[in-house]
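What follows is calculated from the coordinates using simple rules that are stated; it is not laboratory data. From a predicted model like this one, the values you see are computed outputs, not experimental measurements. Reconstructed Cβ throughout: ideal geometry from the backbone, glycine too, with neighbour counts over all protein chains shown.
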Amino acid sequence: MKTSKVRFLLLRRCVQLLIIVCFVLGNCSIATFKNIQNKEEKLILGGDISSLMGDSSSVIAKQNSGFSFIAQGNLSYAEWFGGAIKLADPLSALQIFLAGGGLALDVWLGVMLVVVLYGVFLGRAFCSFVCPINLITDFASFLRTKLKLNNSPYKLTLPRSTRFVILSLTLVLSALFGVAAFELISPIAMFHRGIVFGMGFGVFAIMAVFLFDLFILKHGFCGHICPLGALYSLIGRFSLLRVSHKVAHCTKCMQCVRICPEPEVLKGIGKEDGAFKTMTCLRCGRCIEACDDNALTFSLINFTHKERK
Ligand code: SF4
Ligand code: SF4
């Protein structure tokens with residue numbers, strides 16, 4: 001297989017894995033055992049101790065490792081490069097706000113930076129380049145195709161707009177019950193924290209997403225259920241990065257539509273030149289890789305040309 005046919009896949013995997021590695025290293029701690037009768041006791045208790053363990057004669061002092069400069073936190077709120085860049089998940093922040101929780105100024109600034117980044121430039125690229133669940137759902141999609149499960153006569157149908165209903169429900173429930181509703185069950189948070197801090201019962205939520213996508217509904221979780229993907233779709237509705245179409249090159253083979261996880265984005269394929277209106281497009285580049293006729297590219301929207309409807 002030519003590298004050009006998987007160039008965006010490789011780029012996406014590199015970015016996803018790099019982010020995970022940065023979080024794992026950044027959240028590493030150095031644990032030091034000290035004896036409580038030791039004269040160093042006061043120093044330890046006055047230092048950066050986040051856990052006390054062991055019997056009455058010993059403590060564990062936990063300190064950040066040298067890698068903590070790179071990234072600290074998780075996908076809900078993270079400080080990068082010693083706190084120079086702060087990024088916060090807009091859905092987590094919105095739920096906490098509606099639940100009546102106070103948000104620090106740093107969190108609001110982190111939300112604003114994320115909204116500007118994806119809202120102005122990258123659209124819903126969080127889903128294909130950052131979210132760790134994308135690794136699971138892509139694998140389920142790959143297996144589904146290999147096992148020919150897409151041809152099964154038993155199909156669940158669910159409108160793609162369900163995710164926007166779930167997003168609204170998430171916000172309403174957060175406000176009504178005073179808890180960040182989706183955070184309680186979010187497989188994204190469970191998977192990310194599981195990789196970085198150690199996996200617990202979250203593994204069942206991740207398995208559920210995998211099995212749902214594999215056996216029940218094609219692109220089930222990300223394409224129909226996930227409220228975070230829905231929110232990024234709304235945030236990125238007018239973003240500049242688009243998939244653009246050259247109709248003169250198109251042979252209408254529909255390879256791009258078959259591979260696209262959000263095929264309605266490409267519904268105008270073969271009809272008109274220009275950038276697609278791309279609220280739900282993940283900017284994954286799969287359609288561009290699949291096209292053998294050079295009829296699709298990424299482009300920054302050109303406001304002098306009419307946007308496709
Ligand atoms: S739709 Fe949700 S789970 Fe899927 S990639 Fe996007 S944020 Fe992650
Ligand atoms: S249109 Fe292309 S870039 Fe957008 S989701 Fe579909 S395959 Fe990915």
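Taking the Kirkwood radius as the inverse of the mean 1/r across Cα pairs, report the Rg/Rh of the stretch 240-300.
Reported Rg/Rh, Kirkwood definition of Rh: 0.89.
Explain nothing, just the number: dipole magnitude of the stretch 240-300 about its Cα centre with +1 on each Lys and Arg Cβ and -1 on each Asp and Glu Cβ, in debye rounded to the nearest 20.
Here the stretch 240-300 has a charge dipole of around 120 debye.
Over 23 Å between Cα atoms, which of LYS246/LYS277; LYS5/LYS246; LYS155/LYS271; LYS5/LYS86; LYS2/LYS146; LYS146/LYS277 qualify?
Violating the 23 Å Cα-Cα cut-off are LYS155/LYS271; LYS5/LYS86; LYS146/LYS277.
Please report the net charge: other residues with Cβ closer than 15 Å to the Cβ of PHE191, K and R +1, D and E -1.
Local net charge: -3.
Around GLY236, with a cut-off of 9 angstrom between Cβ atoms, what is the net charge of the other residues, counting Lys and Arg +1 and Asp and Glu -1?
Residues near GLY236 contribute +3 overall.
How much space per residue, in cubic angstrom, does the convex hull of the C-alpha atoms of the stretch 132-234 take up?
Cα convex hull per residue, to the nearest whole number: 109 Å³.
Work out the charge dipole of the chain with +1 on the Cβ of Lys and Arg and -1 on the Cβ of Asp and Glu about the Cα centre, then indicate which of PHE121, CYS291, THR251 is farthest towards its positive end.
It is THR251, whose Cα lies furthest towards the positive end.
Using a 7 Å offset from the Cα along the Cα-to-Cβ direction at both LEU158 and LEU300, what is the distance between the two label points in nm, to one decimal?
3.8 nm
Do any chymotrypsin sites (Phe, Trp or Tyr not before Pro) in the stretch 105-159 lie in a loop, going by DSSP, with at most 16 other beta-carbon atoms within 10 Å of their beta carbon, and if so which?
TYR154
Can you compute the FRET efficiency between PHE139 and TRP108 using 1/(1 + (r/R0)^6), with r the Cβ-Cβ distance and R0 = 35 Å? Round to the nearest 0.05.
0.50
Along the charge dipole of the chain, pointing to its positive end and built from +1/-1 on Cβ of Lys, Arg, Asp and Glu, which listed residue (ILE136, ASN27, SER174) has its Cα farthest out?
ILE136
Largest first and to the nearest Å, give the Cα extent of the chain along each principal axis.
Cα spread of the chain along its principal axes, largest to smallest: 80, 47, 46 Å.
Using 7 Å Cα-to-Cβ label points, what is the LEU117/SER168 separation (nm, one decimal)?
3.0 nm
Please work out how much length the chain gains when fully extended from PHE215 to VAL15, using 0.36 nm per residue of separation minus the C-alpha to C-alpha distance, in nm with one decimal.
Residue separation times 0.36 nm, minus the Cα-Cα distance, leaves 69.2 nm.
Given +1 on the Cβ of Lys and Arg, -1 on the Cβ of Asp and Glu, and no further charges, what dipole in debye does the chain carry about its Cα centre, rounded to the nearest 20?
1300 debye
Testing the spin-label approximation: label points 7 Å from Cα along Cα→Cβ at LEU147 and HIS249. State their distance in nm.
Here the answer is 3.6 nm between the modelled labels.
I'd like the chymotrypsin sites (Phe, Trp or Tyr not before Pro) in the stretch 181-250 restricted to DSSP loop residues with at most 16 other Cβ atoms within 10 Å, sorted by number.
Loop-located and lightly packed - PHE201, PHE238.
Given a Förster distance of 35 Å, report the FRET efficiency between LEU234 and ASN64 from their Cβ-Cβ distance, rounded to the nearest 0.05.
0.45
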